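Report on the structure given below.
No value in this document is a laboratory result; all are computed from the given coordinates. The structure displayed is predicted, hence computed values, not measured ones. Neighbour counts run over all protein chains shown; Cβ positions are idealised from the backbone, glycine included.
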Amino acid sequence: MDAPLPANLDAEQTANAYTIWREFKKAYPDLEGGTGLAMAAIVNAKAESNLRNVKTGIVGEDSVGLFQLNITNPHGAALVGITDRRYNPAANTRGIIASLEDSGGPVFDGLRNNASVATIAGLFRRYVERPANAAQRQSETEDLTFRLYPRYANDGARSLPTLSDVVVPFDFKTIGLAIAAAFAGAYALGVF
């Protein structure tokens, strides 16, 4: 199965959605329902940031990145240092995965019970993202799932393949940077 994306994403949103797929695949390759969980995460990133690496426009709130990790979230705070790595889509996704591990019990219960992808997305929003008006946001996120993933929204998460069976395109930018760094290191060591 190719990693499904919502329709009508631009290049930045597409790259960010694939980053979410890659990070969830690394974290949960064999989790039953993991593919539904990754889709739920993409729905949440769309709801939180429109799949963009931005800072919230809410006055008095310091939330940044795909999942709008707040500075008061320990996993968001851990990404802030000399540079704010919450703007890095992979780091931001790993931060929300850490939050999922901390507070996602209802999400994992939903996966074990083969809840629909839409239900998983709503639980993710309520218990992992933890926005104001959580019950309302949960319902809105479930509705958003039907718009973004109409083919999968009603599917039981466990009926989908595991993430190890999902094909996610390579991240050529990261691979290119790694190759450039290797050449620079080799050059600095006098190999060339």
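Placing dummy labels 7 Å off each Cα toward the beta-carbon, the span from D143 to I82 is 4.6 nm. Modelled spin labels at A134 and N154, positioned 7 Å past Cα toward Cβ, are 3.0 nm from each other. Filter the chymotrypsin sites (Phe, Trp or Tyr not before Pro) in region 8-89 down to the DSSP loop ones having no more than 10 other Cβ atoms within 10 Å, then list what survives. When the chymotrypsin sites (Phe, Trp or Tyr not before Pro) of region 8-89 are filtered for loop state and at most 10 Cβ neighbours within 10 Å, nothing remains.
Each of A115, S164, L66 was scored by the projection of its Cα onto the charge dipole of the chain, and the greatest displacement toward the positive side belongs to L66; charges sit on the C-beta of Lys, Arg, Asp and Glu. Using only alpha carbons, the chain has a radius of gyration to Kirkwood radius ratio (Rg to Rh) of 1.01. About its Cα centre, the dipole of the chain is roughly 160 debye, where the only charges are +1 on Lys and Arg Cβ and -1 on Asp and Glu Cβ.
When the helices in the chain are scored as -39500 (n - 2.57) per DSSP H run of 4 or longer and the sum is shared across all residues, what 222 nm value do you end up with, to the nearest 500 deg cm²/dmol?
Values: 8 runs with 100 residues, N = 192.
Value at 222 nm, helices only, nearest 500: -16500 deg cm²/dmol.
Placing a label point 7 Å from the Cα of D171 along the Cα-to-Cβ direction, the residues of region 5-28 whose backbone N falls under 19 Å of that point are 5-6, 10-28. Take every Cα pair under 8 Å whose residues are at least 6 apart in sequence, average their separation, divide by the length of region 11-188, and the relative contact order is 27 percent.
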